[in-house]
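I have placed the structure first, in the form of C-alpha cells, so that the comments after it can refer back to it.
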Amino acid sequence: MPGISFQSLFIFSALFRVFLIIYGEWQDANMEVRYTDIDYFVFSDAATLMASGKSPYERSTYCYSPLIAFLLMPNSFLHQTWGKFLFSASDLLVGLLIHRILKLRGVPEKLCTYSTMVWLFNPFTFTIGTRGNCEPIICSMILWILMCLMNGHVLQAAFWYGLVVHMRIYPIIYALPIVLLLDPQHFQPGKKPVLVEWSSRALKPSSATSSSKTSITQYIWNFCINMITWRRVMFGIISASTFFFLTGLSFHLYGWDFLHEALLYHLTRTDPRHNFSIYFYHIYLHYEHEFSILEKLISFLPQFIVQLVLISRFALDLPFCLFLQTLAFVAFNKVITAQYFVWFFCLLPLILPWSNIKLVWKGLACIILWIGAQTNWLAWAYLLEFRGKNVFFQLWVASLLFLAANTFVIINTICSHLYSPLFQQLKQGGKLKQGYERI
C-alpha cells in the first residue's frame, strides 16, 4: 500500500463510520430490518430513566453498569445518535491505541498500519459501534491498561483495571497474568520496564515454546516465593478499591437491582434462547427445571482449566496471552453472541507482527473455517427463528462445529506464533540479564 499513510486511513475510517451512523438512521426509518442494535434502545431507555432521576434498571434487560447509562444521558436531550458517535469514537481510539502499542514495541510503520487495518476495516468491528453497542469502550480501556503497563504506569493501570472490571466483568480473567508480569525482574524502583523490540524476535516457534516453558516456570516459582511485592500489593489495592467503590456507590443508588443485573446475572446466567454456545441446547431442554447455583457455576470449570493452562504457558508474552485467554473464554462461554467477538478482535492486531502464519493457505483456512462455521450456525438459526422449523438439535451440532473451529484457530495461532516476552528481564541493579536480550 505505497503512499498511503496511517493518518489518511484513519481519517477515511472515521468518515466511513460517520456515514454508517447516518445510513443507519435512514435504514431504521425506511426499512423493516433495523440497522441499530436492539441493545442501543435498551441503553437509551436506561439513560432517559437516569436523566429523569429514576433507576436505569427499571428498563427490562438492562444488565450493565449504570456508568453506561450515564454516558448516554445526552441521548435524551442532545440527539439520539450521541451514543453511536461516542461508541464509534471509542472504536477509533482502539485503532489509535493498537498503532501506538505496536510502535512502542518497535514494529515498522508499514506493518503497524497493516495490523491496525485489521481492526479499523473489520466488518465485525466497524459495525459494532455504529449500530450502538458499548463494547468499543471496554476494548479501548483494555488497550489503555496494556499501554500503561508498557510505560511503567502501574498505579494508573490498576485504576483503569478496577474501572473496566466494574463496567464489564469478563476482564477479571486478565488479573493473574498481569500480576505475574509485575515481577521485580521487570519493574524496579525508579526505572521504566524495558520492552522487547519486534526486531529481536529470532526464535522459531518450537524453540520459543521451549523457552516459554522455562521462563514461565521460573516466574511462577518466583511468584510463589516472592508473592508480596510493592507493585503487586498496590495494583491489587487500587484496582480492588476502584472496583468496590464504584460497585458500592452503584449499590447505594440502585440497590439489589444493580447487583443482580450488572454482576450476579452474568455469573449465573442461563439463557434458553439460541446462541453460539454449546450449552444453549441443554439449558433450553431443562429450562423449566430450576438450576442450582452449583449447576450454573460448573460450566465455568472448562473455562477455568483452559485459562490456567494458557496463563501458565504464555503470561510473559502478555498481548498474546490476553488474546488467547479472550478467544478461549468466548469459545467456552455459556452464552455467546456476535458482540463478544470484538473482545478478542481488538487484541488480534497486537499479535500479527509476531505470527509467521501465511495468508495462503493456513491463514485462509482459519478464516474460512471460522466464518464458515459461523455461517452454518446462522443458517440453522434463520430456519428456527424466521421459518419456525424445529431444528434445535441441528443448531446445537452447528454450535459444536463452531467450538471446533475456534479450537482449530487457537491451536494454529499458538503453533504459528513467535514467542516474545513483553519485557526484558533485569538483574538487581537494572542491568539486562545475558541471553535474554534477544528473544
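The values are calculated or read from the model by the stated rules, or taken from the named source; none is laboratory data. This one's a predicted model, so the numbers in the text were calculated from it and none came from an experiment. Here the Cβ is made from the backbone with ideal geometry for all residues, glycine too, and neighbour counts use every protein chain on show. Note: areas computed on protein heavy atoms with side chains; ligands, DNA, RNA excluded. Shrake-Rupley method; radii C 1.70, N 1.55, O 1.52, S 1.80 Å.
A few comments on the model shown:
- Residues (out of contact with any helix residue (DSSP H, G or I) (no Cβ under 9 Å at 6 or more places or on another chain) and β-branched (Val, Ile, Thr)) located in segment 312-365: Thr337, Val360
- Filtered residue count, segment 1-56, keeping only those that are open to solvent by less than 60 Å² (accessible area, probe 1.4 Å) and closer than 30 Å to Ser250 by Cβ: 15
- Close pairs (9 angstrom Cβ cut-off, 6 or more residues apart or separate chains): closer than 26 Å to Leu93 by Cα in segment 8-32, acidic (Asp, Glu) anywhere: Ser13/Asp91; Arg17/Asp91
- So Leu149, is it crowded, with 18+ Cβ neighbours inside 10 Å, farther than 20 Å from Phe345 by Cβ and touching a strand residue (DSSP E or B) at 6+ places or on another chain (Cβ under 8 Å): no
- If the condition is being buried (at least 21 other Cβ atoms within 10 Å of the Cβ) and hydroxyl-bearing (Ser, Thr, Tyr), then segment 152-180 contributes Tyr161, Tyr174.
- Residue list for segment 256-269, filter: touching a residue at least 24 places away in the same chain (Cβ under 8 Å), surrounded by fewer than 19 Cβ atoms within 10 Å (Cβ to Cβ) and assigned to a helix (DSSP H, G or I): Asp257, Leu263, Tyr265, His266, Leu267
- Selection from segment 141-197 of residues that are closer than 27 Å to Leu86 by Cα and assigned to a loop (DSSP other than H, G, I, E, B): Asn151, His153, Arg168, Ile169
- Residue check, Val391 touching a helix residue (DSSP H, G or I) at 6+ places or on another chain (Cβ under 8 Å), free of Cβ contacts under 8 Å to residues at least 12 places away in the same chain, over 23 Å from Thr125 (Cβ atoms) and not acidic (Asp, Glu): yes
- Being modelled with pLDDT under 85 and surrounded by fewer than 21 Cβ atoms within 10 Å (Cβ to Cβ) is a property that holds for Tyr279.
- Scope segment 65-117; condition open to solvent by 50 Å² or more (accessible area, probe 1.4 Å) and small (Gly, Ala, Ser); matching residues: Ser76, Ala89
- Among the criteria (1) in a helix (DSSP H, G or I); (2) modelled with pLDDT under 70; (3) open to solvent by less than 60 Å² (accessible area, probe 1.4 Å); (4) not basic (Lys, Arg), the one Thr214 does not fulfil is (3).
- Failed condition for Glu385, given (1) out of contact with any helix residue (DSSP H, G or I) (no Cβ under 8 Å at 6 or more places or on another chain); (2) at pLDDT 90 or above: (2)
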